[in-house]
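Enquirer: Here you go, one structure.
The values are calculated or read from the model by the stated rules, or taken from the named source; none is laboratory data. Note that the coordinates shown come from a computational prediction; the quantities given were computed from them, not determined experimentally. Reconstructed Cβ throughout: ideal geometry from the backbone, glycine too, with neighbour counts over all protein chains shown.
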Amino acid sequence: PSPFSEAALKSLIKEALSLGKLLIITFILLKERPPLDVDEMLERLKTEALAFPETKGNVICLGKDVFKGKKPDKDNRCRYILKTKFREMWKSWPGDSKEVQVMAERYKMLIPFSNPRVLPGPFSYTVVLYGPAGLGKTTLAQKLMLDWAEDNLIHKFKYAFYLSCRELSRLGPCSFAELVFRDWPELQDDIPHILAQARKILFVIDGFDELGAAPGALIEDICGDWEKKKPVPVLLGSLLNRVMLPKAALLVTTRPRALRDLRILAEEPIYVRVEGFLEEDRRAYFLRHFGDEDRAMRAFELMRSNADLFQRGSAPAVCWIVCTTLKLQMEKGEDPVPTCLTRTGLFLRFLCSRFPQGAQLRGALRTLSLLAAQGLWAQTSVLHREDLERLGVQESDLRLFLDGDILRQDRVSKGCYSFIHLSFQQFLTALFYALEKEEEEDRDGHTSDIGDVQKLLSGVERLRNPDLIQAGYYYFGLANEKRAKELEATFGCRMSPDIKQELLRCDISCKGGHSTVTDLQELLGCLYESQEEELVKEVMAQFKEISLHLNAVDVVPSSFCVKHCRNLQKMSLQVIKENLPENVTASESDAEVERSQDDQHMLPFWTDLCSIFGSNKDLMGLAINDSFLSASLVRILCEQIASDTCHLQRVVFKNISPADLIGTSDDMFPALCERRVFENIRKMSNPAKLRLISAGESPNSGGGRLQLS
């Protein structure tokens, strides 16, 4: 009997589908059953393939020209297999998002070999797509591979190879040929022929920062022999340094932390910063997700009112979390406003919404938070199957979180899992520290590679591993009592009763006023996440002087915390002008509109911040330096300074722009002349008016004068 009975054929197709090699079956059948009618064979293959849900929409229909009685062309076969593989990836979330596709098309124009306006040059390009986690770098790389497979790239490459550093980081020493062709056994005989055509090859190196190479490993023992076994970092370093296949085209994706290594290796690369969703992308995403314009715009404005959250919404996954969470709340008739106050509140609400209340998933949540913490300390967002097995964690233990879209299975490396976004991994890491410890918590020493709370919050550790910074923010955010009750109601977990004491004794270098601006802004951001006024009062009572750099993001935590700074005597402010992303072209009017919108969202917090001039009787000195002040900000500032309750005795303005706004303001000088506060002004554009005012004395000035410097 024929080995290709109906049952055997179904089994063969199912096995081939899991390997992405459906087309190979065609050639096997042709070899085993040459008398079989071609039409019949194709129809049977198509029918059987469509019987499997995972193949619907992905079956490639081949014509009779594939079968000419001779062995099919290997180049075309490779392209067909890749086409199936990358089409499946692109159709998976978030590649199915219309906004993601629009974003991909926008960035394609910045990549030379996908831009029709860029002619092929004498030298091969190295293009580096860089940006924070989750903004779409991998999506762009996969879209480029799909374009190649479908022959839609402007510059024609005969071969293209997708190298996932996430997967390569687990490989031992091998040759370059083994590295590139490990998934293509059918091409082994043609390796010399393929590599000899380097100018016709495109290598996509995805997630360079996930390679995990030791310092100096990439430039050690550079090698140009593709048959010689070397550690993977050496092979990739040799490719990037153009010792290996110097004429090949390269596209690399990475987070900024690995740019230093790339700059050492790559020869004259073209850097393209990936910004993720623009504002119009986010707005369109909300409209499509909600399906109701009124609700969509209400949710969108809620996200926009939190400048920090809105900024992070440039990541498609964060945008999806916000939409999913707010839509569910609105459908239940709940008030979504508190959810958008902080990222901690949003992520906790999202986590709890994925599971029914009283689910009693305490053990599962502890396991997940432990995995998140281990990954964050190791600077990886990937969970490898072998690491999970070493911890005694099975895929079944993660199934709840995979189904709840907290985790995702990698579509290239089936044995890998990753968190929905780095921000959510940081949140889960904070949860690991915040949960009440149990007697068996150590899990046979599995927490030995994780620092304690004091290490998490220490400046030294955060310099070594910047990903820990945001975990510190979320740890403060979990000190909130209402959030603790919400978590307990859903998972049966309790927060540690010592969490606030841990926060108060943490080694924060900015206590007592001896700080850098960065340290202080981080502290204020952490305190704001907590939304616990008593905690804020206790920490801020230690400050007598404070220096703030304010933008649309930082003004929110600053206004929340500084009003509780009851012993403050001197305050210095720098208001920073927001810039548009460098790679987005906007007209002058568009730029003005965006700045105006930021200004409007900033005003309530600026008003709150300036109110301290009247509420704090010890605050005597104010300096505003190197700042951009809009007319609205100046008006509010003057109203607070002119108030009868204002206690300021000295105000200094230096390098304020736009200069003519201060010099000609109808609000500024009446307010300042009425008080003995104004010591010096620089960069004024109306000297005549300044001379007039500085020569005069207000009835309430007590003889004080404006002194110009």
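Enquirer: Cβ-Cβ distance below 7 Å, separation of 6 or more or different chains: which pairs start in segment 379-402 with a residue that is closer than 15 Å to Leu365 by Cα and end on one that is hydroxyl-bearing (Ser, Thr, Tyr) and in a helix (DSSP H, G or I)?
Expert: Within 7 Å, the pairs are Val393/Thr367; Asp397/Thr367.
Enquirer: Just to be sure I understand the filter: pairs with C-beta atoms under 7 Å, separated by 6 or more residues or on different chains, first member in segment 474-491 and assigned by TED's automatic domain parsing to the domain that holds Tyr433 and more than 12 Å from Gly345 (Cβ to Cβ), second member of a type in the set (S, T, N, Q) and at pLDDT below 90. Which pairs pass?
Expert: Hits for this filter: Ala489/Gln357; Thr490/Gln357.
Enquirer: Failed condition for Glu389, given (1) surrounded by fewer than 16 Cβ atoms within 10 Å (Cβ to Cβ); (2) not assigned by TED's automatic domain parsing to the domain that holds Gly492, with all others met?
Expert: Unmet condition: (2).
Enquirer: Do any helices (runs of 4 or more DSSP H) entirely within segment 293-367 hold 3 or more residues that are basic (Lys, Arg) and over 24 Å from Ser418 (Cβ atoms), and if so, which?
Expert: Values: elements: 293-305, 307-312, 316-331, 343-353.
The helices (runs of 4 or more DSSP H) meeting that bar are 293-305.
Enquirer: Just the residues that are out of contact with any helix residue (DSSP H, G or I) (no Cβ under 7 Å at 6 or more places or on another chain) and either outside the structural domain of Leu135 (by TED's automatic domain parsing) or modelled with pLDDT of 75 or more (or both), please, taken from segment 77-110.
Expert: The answer is Gln101, Glu105, Arg106, Met109, Leu110.
Enquirer: Sticking with this structure for a sec: Read through the list (1) closer than 30 Å to Leu309 by Cβ; (2) buried (at least 18 other Cβ atoms within 10 Å of the Cβ), then give the number of the only condition that Phe203 fails.
Expert: Of (1) closer than 30 Å to Leu309 by Cβ; (2) buried (at least 18 other Cβ atoms within 10 Å of the Cβ), only one is false for Phe203: (1).
Enquirer: Looking at (1) of a type outside the set (Phe, Trp, Tyr); (2) crowded, with 16+ Cβ neighbours inside 10 Å; (3) on the phi > 0 side of the Ramachandran plot, which one does Gln360 not meet, given that it meets all the others?
Expert: Single failed check for Gln360: (2).
Enquirer: Kindly establish whether Arg288 is buried (at least 20 other Cβ atoms within 10 Å of the Cβ) and either within 30 Å of Asn306 (Cα to Cα) or touching a residue at least 24 places away in the same chain (Cβ under 8 Å) (or both).
Expert: On the way: buried (at least 20 other Cβ atoms within 10 Å of the Cβ): no; either within 30 Å of Asn306 (Cα to Cα) or touching a residue at least 24 places away in the same chain (Cβ under 8 Å) (or both): yes.
Here the answer is no, as Arg288 does not meet what is asked.
Enquirer: Which one is nearest to Val651 (Cα to Cα) among residues in segment 558-602 that are of a type in the set (Gly, Ala, Ser), surrounded by 13 or more Cβ atoms within 10 Å (Cβ to Cβ) and at pLDDT below 55?
Expert: Here is the first cut: in segment 558-602, the ones of a type in the set (Gly, Ala, Ser) are 558-559, 572, 586-587, 589, 591, 596.
Add one more test, that the residue is surrounded by 13 or more Cβ atoms within 10 Å (Cβ to Cβ), and what stays is 558-559, 572, 586, 591.
Going one step further and asking which of them are at pLDDT below 55, we end up with 586, 591.
Details: Ala586: 37, Ala591: 31 Å.
Restricting to residues being of a type in the set (Gly, Ala, Ser), surrounded by 13 or more Cβ atoms within 10 Å (Cβ to Cβ) and at pLDDT below 55, the top hit is Ala591.
Enquirer: Suppose the filter is outside any loop (DSSP other than H, G, I, E, B) and within 28 Å of Arg273 (Cβ to Cβ); does Leu135 pass it?
Expert: Numbers: outside any loop (DSSP other than H, G, I, E, B): no; within 28 Å of Arg273 (Cβ to Cβ): yes.
Criteria not met by Leu135.
Enquirer: Considering only segment 309-316, I want to know if a residue exists there that is hydroxyl-bearing (Ser, Thr, Tyr), out of contact with any Cys (no Cβ under 7 Å at 6 or more places or on another chain) and not assigned by TED's automatic domain parsing to the domain that holds Val102. Quick ask: steps written out before the conclusion?
Expert: So the first thing to find is which residues in segment 309-316 are hydroxyl-bearing (Ser, Thr, Tyr), and the list is 314.
Add one more test, that the residue is out of contact with any Cys (no Cβ under 7 Å at 6 or more places or on another chain), and what stays is 314.
Subsequent filtering for residues that are not assigned by TED's automatic domain parsing to the domain that holds Val102 retains 314.
The answer is yes; a qualifying residue exists.
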